[in-house]
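Q: The structure follows.
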Amino acid sequence: MAKAQRGIQSVEIGLLVARRLGEAPGSLQLKELAARCGLSASKTHRYLVSLVRAGLVRQVDGRYDLGIAALELGLAALARIDVVRAASPALATVRDRTGETTFLAIWGHNGPTIVRWEESSQPVTVNVRVGSIMPLLTSATGRLFAAFLPAEQTKAMLRKETQTLSKRKGATSARRTLNEFHRLQTKIRSTGLSPADGTQLASISALSAPIFDVDGRLVAVITSLGSRGDFDCSFEGTPAKTLLAVTREVSAALGYSPK
């Protein structure tokens, strides 16, 4: 039997605190985080002081959340995934052929996560960038992930979004959005394209296409977007044809072969 290597317990506990914070749906108060870690509040606070100094955690209005260093580490880890390396050059190709802003997203711990971004010569004003989590119900990116991933993988996020929408806009609006979401799923699976015309941001239209691995699993999504009214999100336009051609090339490079 291999002899267990000795480590530094305080480092392990500190990383546990950071991990529990990352698993939470949002920022936490000290007592909430301590309970999740199984530690006393005073002990948790000592670790948080060091984590804040290191940039892994930030404190805002008495609550704790992941800091910029945690985001940088997470994005660096995601960038080492084969699909990110394989698909990154394709983003510039899509941008150059369409003249539109383009990004790459993969399924991260909290859902569809943007990991690469290529700005067009005519950038659009959006509140998403690298590290942003895209919603399932209203974004082209999220809808595509929901269409091809196992339902169990997206169920919790979909339920949370529906509940949040119901609180914000009412049950009728939430039900209408959910029905539209389900109606689109079959079409997305059959065409390989996922549109969003002003549903996430009123001024933005977008179109997404999937990247599959050798086992036929969805591993990434490339999305092209532009100003609503100018961006062609039809299935016959240049963005659609470009996205399908490029994502099929990347999928083939990963060993995917359509049945």
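Throughout, read-outs are computed from the coordinates displayed, never taken from laboratory work. Source: prediction; values computed, not measured. Positions of Cβ are backbone-derived with ideal geometry, glycine not excepted, and every protein chain shown enters the neighbour counts.
Q: Using Cα positions and a limit of under 20 Å, work out the aspartates and glutamates in reach of residue 259, with same-chain residues fewer than 8 apart set aside.
A: 213, 215, 249
Q: To continue, here is another question. So, by mean Cβ neighbours within 10 angstrom, what's the order for 242-249, 197-204 with the highest one leading?
A: In decreasing order of mean packing, 242-249, 197-204 become 242-249, 197-204.
Q: Something else about it: Consider just the alpha-carbon atoms of the range 9-73 and return their Rg together with their Dmax, both in angstrom.
A: 10.3, 30
Q: Please list, short to long, the whole-number percent of alpha-carbon pairs of the chain in consecutive 10 angstrom bins beginning at zero.
A: 7, 27, 30, 22, 11, 3, 0
Q: If the reach is capped at under 17 angstrom between alpha carbons, list the lysines near residue 169, excluding any in the same chain fewer than eight residues apart.
A: List returned: 160.
Q: Right, here's the next one. When only C-alpha pairs under 8 Å and at least 6 residues apart count, what is the relative contact order of the chain, in percent?
A: Across the chain, relative contact order equals 15 percent.
Q: In addition: Checking the cross-link filter: which lysines have an alpha carbon closer than 19 Å to that of residue 167, excluding same-chain neighbours under 8 positions apart?
A: List returned: 155.
Q: List the DSSP H helices in the chain whose Cα atoms stretch 24 Å or more along the helix axis and whose mean Kyte-Doolittle hydropathy is at least -1.0.
A: Details: long enough: 82-98 (25 Å, -0.04); 151-169 (26 Å, -1.49); 171-191 (30 Å, -1.02).
Counting only whole DSSP H runs, the qualifying helices are 82-98.
Q: Quick one: Cα centre-to-centre distance for the range 87-141 and the range 229-244, in angstrom?
A: Using only Cα atoms to place each centre, the spacing works out to 15 Å.
Q: With the calculation restricted to Cα positions, what are the radius of gyration and Dmax of the range 87-235 in angstrom?
A: 14.6, 43
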